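Below is one structure, written out as structure tokens; comments come after it.
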Amino acid sequence: MTQQPISVISTSNSWHARTTGAATRAMRTISEIAAMLVMGLFVMGSASAQSGIEIDTSFAGGKLTELSAMKTTLSVPAFADEREIEDPRVIFTGEPAENGTAMADRPFAEIVGEAMESAFAASDARLADEDAGMRLAGTLIATEAALVDRGGVESLQLTLRTSIQLVEGTRIVWQTKLFGRGTAPVSEGTAAAVRKALDRLAEELLIDDYFLAEIR
């Protein structure tokens, strides 16, 4: 008679142990799956953060105008970005972009400013990072992209819209809205169209007689 309750208790404990063990294993499995999902999302997020189109900001157009005898020094800081975007690396969005968004490897307004500075350097401008007599304050207002036909070749056309101010101290001495449009075959990639748009933007500024009159 004494063995029967012992047997019952023993069976109950075994069942409880098996149930607890199964629950623990299930919880461990769920935790492991959750950790793997989090790690996967982290890796995907990291890859996304690191990916992007690399844009060459050197100016290939040569000397547009002679600026070595400028009456003052000039600084060209990174452009501000007034576009309504969540990620400053966005070049453009819409159908022409793969997966809906063309993304640079770093803030695009920063790239625009560097390209502009490179164009001034190519024309032997008296550039200075600090204590410059004048400052070129640029703002990227919009970027627009479209697929166009150029002689039977599908091409990407990119338009950059900017606002440019020439500032001396706290005084704006000259300002304008500046557009740069570049077109390149789709087969050459987005970077080619961006590069041509940047070159055109710099050319429009460096051949502007009113702007040149203020710095020369």
Say each of ASP129 and ALA142 gets a label point 7 Å from the Cα, pointing the same way as Cα to Cβ; how far apart are those two points in nm? 3.6 nm
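Would you mind getting me the FRET efficiency between GLU188 and SER58? Use the beta-carbon distance for r and R0 = 22 Å, nearest 0.05. Provide the component values of the computation, followed by the final result.
Values: r = 17 Å, r/R0 = 0.78.
So, using R0 = 22 Å, E works out to roughly 0.80.
If you place +1 on the Cβ of every Lys and Arg, -1 on the Cβ of every Asp and Glu, and leave all else neutral, what size is the dipole of region 80-216 about its Cα centre, to the nearest 20 Debye? All intermediate terms of the calculation are to be shown ahead of the outcome.
Details: 14 positive and 26 negative charges, 61 e Å.
Approximately 300 debye in magnitude.
Read-outs throughout are calculated quantities, based only on the coordinates presented, and are distinct from any laboratory measurement. Since the structure is predicted, the reported quantities are computational estimates derived from the model, not experimental observations. We place every Cβ from the backbone using ideal geometry, glycine too, and count neighbours over all the protein chains shown.
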